[in-house]
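The next block holds one structure in the form of structure tokens; read it before the comments.
Read the figures in this text as sums done on the coordinates, not as results from a lab. Because the structure is predicted, anything quoted here is derived from the model rather than measured. Using ideal geometry, Cβ is built from the backbone for each residue, glycine included, and neighbour counts are taken over all protein chains shown.
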Amino acid sequence: MATKEFPLVPRDVTPVQTGKRTIRTRIPVPESIPILEKLRAAEPRSMGGQPPILWDGGEGCLIRDPYGNQWIDFSSGVLVTAVGHGNPRIVKAIQETAGQGLYHAYCFPTEIRAALSAKIQSLLPKPLSRVFLLTTGSEATECAIKLARTNGIAVGGEKKRVLVTFENGFHGRTMGSQLAGGSAGLKSWLGGGNPDFVQVPYPDGFRCPDTSFDVFRRTLEAKGVSPDSVCGVMSETYQGCNAALMPAAYAQALREWCDEHGAVLIFDEVQAGFGRTGALFGFEHYGIVPDLACFGKGISGGMPLSAVAGTEKLMSIYGPGEMTSTHSANPVCAAAALANIEVILDEDLVGNAKRLEPILLDAARSMMAASNGHIGRADGAGLVAALQFVKPGTTDPDPELAFEVVSRTVEQGVMLFAPVGVGGGAIKINPPLVIDEPTLREGLGVIAGVIAGMV
């Protein structure tokens, strides 16, 4: 579903001046309108879906425009800047690598690619043992789909090619990743679904109240899907649309089911990986290990880099030259990613996310309790939470209210990206992992105040 386009009409707003937030102009800033209009004249309409704030610089969990305004960043771009904006170790890594005159190497060996691959490999739980470096989350999930289907056909014949994924899931914007996604609207350009890609309800306890694994079995049976035709099962570790982890017992039953039926278990960790949930890898919450894991966003801190981690067997399916990528482990991006991972580990940002989790979740649930039924659900883990705005008494999304909450929050100095999820009704709160408790509380107080004033 498309979000609304943010209007380029400056509004008078109440000035803000705290130690972290500064709003001293109308929003959007009148002087920024020509630049924003130039973007809208040159780019596809889809690029007009974020608040019309001209990003110009940042530091830690703060973001600035060129006009003297400053925001607490609750977006992390889109869950990307895990170690914050302007991190000096990432900046240094980028500058030094670019300064060597090497900013592209295709698949020719480089020292930085070896270092990054080895670093990620050293962090993986067994049986994950190999790492394939790519550029985007979509590229990573496409690779995982390809490996699961190739393996399925090899061990079970042509019939073993069905990939099971989850309703309302999101795995990217390329063809395969959207077939695997759980949003019918995103598949309309494909002429609908595909019998080789089957969705089951996600056990979020909200739109699917029954969180037992029996729902998985019953849904496949109702759709006429035989377990021996399933090549793999792929799930976001937490669903991006609602920030809900599945119950650990469900995940463990899913692992057993995949083992029983020779299916590859894939966790899409593009949002969850590298500390976001208060664990280095989101699947650690479940006490299991997948056969393939897809990483992106927070793996690099801001540069275009993603990865697929997998077992020896799966990552050895294709021979030399058969599974490559033009920009695999671009040297500059790889250097940034290595520095990013080292900062996450050295500064215990995973622990910071875990320590701040109760503050974030308590605030989110308090907003829900005070919303007069306009927030139907608040879920999260670590430093990610989602508020699902609904028509009171239903699970029907209320995208209009969610949009207005985002707009008013940005006007008060807290940066959010546009509403996401089912019907565009969910607001995500996901600051950089470097945020401290006072700054987190300040930003949460702004959102709570905006909601209270609107419901």
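General observations
- Angle of helix 399-411 to the longest C-alpha principal axis of the chain, folded into 0 to 90 degrees and rounded to 10: 50°.
- Close Lys-Lys pairs in the stretch 89-346, where close means Cα under 30 Å and separation is 8 or more or interchain: 25
- With N as its number of residues, the stretch 89-346 has a Cα radius of gyration that, divided by 2.2 N^0.38 Å, comes to 1.00.
- 5 angstrom amide H check on residue 265, placed H, neighbours 5+ away: 233, 291, 292
- Per-pair calculated FRET efficiency, R0 = 45 Å: residue 121 and residue 225 via Cβ, rounded to 0.05: 0.85
- Three-way shape label, the stretch 1-88, alpha-carbon gyration tensor, a/c 1.5: oblate
- Relative exposure of 341, 266, judged by other C-beta atoms within 10 Å (fewest first): 341, 266
- Formal net charge of residues neighbouring residue 335 (Cβ-Cβ distance under 14 Å; K, R +1; D, E -1): +1
- Phi to ³J(HN,Hα) by Karplus 6.51 cos²θ - 1.76 cosθ + 1.60 over the stretch 163-171, Hz, x for Gly, Pro: 9, 9, 10, 10, 4, 6, x, 9, 10
- Close amide-amide hydrogen proximity is noted between residue 27 and 11, 13, each under 5 Å apart and 5 or more residues distant or on a separate chain (H modeled in the peptide plane; Pro and chain starts excluded).
- Rounded if a/c under 1.5, otherwise prolate or oblate - the chain, Cα gyration tensor axes: oblate
- By the beta-carbon count within 10 Å of each Cβ, the least crowded to most crowded order of 45, 377, fewest first, is 45, 377.
- Sorting the segments 248-256, 81-89, 302-310, 425-433 by their mean number of nearby beta carbons within 10 angstrom, highest to lowest, gives 425-433, 302-310, 81-89, 248-256.
- Rounded if a/c under 1.5, otherwise prolate or oblate - the stretch 176-246, Cα gyration tensor axes: oblate
- Order of 357, 260 under a 10 Å beta carbon neighbour criterion, fewest first: 260, 357
- Whole-Å distance, taken between Cα centres, linking the stretch 306-350 and the stretch 402-455: 32 Å
- Here the label points at residue 40 and residue 355, each 7 Å from Cα along the C-beta direction, are separated by 4.4 nm in the simple model.
- Helix-only [θ]222 nm of the chain, DSSP H runs n ≥ 4, -39500 (n - 2.57) each, per residue, nearest 500: -11000 deg cm²/dmol
- J(HN,Hα) series, the stretch 433-448, from Karplus relation 6.51 cos²θ - 1.76 cosθ + 1.60, nearest Hz, glycine and proline x: 5, 7, 4, 9, 4, x, 5, 4, 5, 4, x, 5, x, 5, 4, 4
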